[in-house]
């Protein structure tokens with residue numbers, strides 16, 4: 001095959017220059033094994049990226065659910081304060097409304113902090129699990145290539 005052929009460099013590409021040279025010479029060109037390793041790494045990266053997106057959406061959904069629950073609770077507190085304000089022997093409307101408003105803000109702030117903390121821990125655990133699987137499989141591949149090369153880098 002002449003050097004002017006567009007495929008010349010694909011079949012004759014030199015592998016990395018290693019020092020010292022390996023006992024078993026590395027194959028020339030782009031091999032089938034190299035192609036499939038690149039394809040597999042690309043799939044693993046895409047999978048991790050997709051899992052990160054899914055986990056984030058799940059956490060956002062959980063935060064929304066918990067926020068809705070907090071809103072329901074504070075609505076009940078506001079209703080109780082309004083009923084207390086309607087008692088005929090004096091006007092408790094202003095202090096009752098202020099108390100309900102303060103209670104609402106305190107409950108919402110505390111619950112939101114707890115929910116966000118739990119969501120962050122859940123996301124971190126899932127992300128670390130998927131990252132660990134990726135790193136483990138990568139090291140297995142490196143070990144396999146290392147053993148194919150006679151135990152030398």
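The values are calculated or read from the model by the stated rules, or taken from the named source; none is laboratory data. Remember, predicted model here, so these are calculated numbers, not experimental data. Positions of Cβ are generated from backbone atoms using ideal geometry, with glycine treated the same way; all protein chains shown enter the neighbour counts.
Numerical summary
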| read-out | value |
| --- | --- |
| The one condition in (1) in a loop (DSSP other than H, G, I, E, B); (2) at pLDDT below 70 that residue 2 fails to fulfil | (2) |
| Conditions (1) out of contact with any helix residue (DSSP H, G or I) (no Cβ under 8 Å at 6 or more places or on another chain); (2) at pLDDT below 80: number failed by residue 65 | (2) |
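Residue by residue, here is whether (1) at pLDDT 75 or above; (2) over 33 Å from the mean Cα position of the chain (by Cα) holds:
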residue	(1), (2)
98	no, yes
104	yes, no
113	yes, no
124	no, no
128	no, no
134	yes, no
141	no, no
145	no, no
151	no, yes
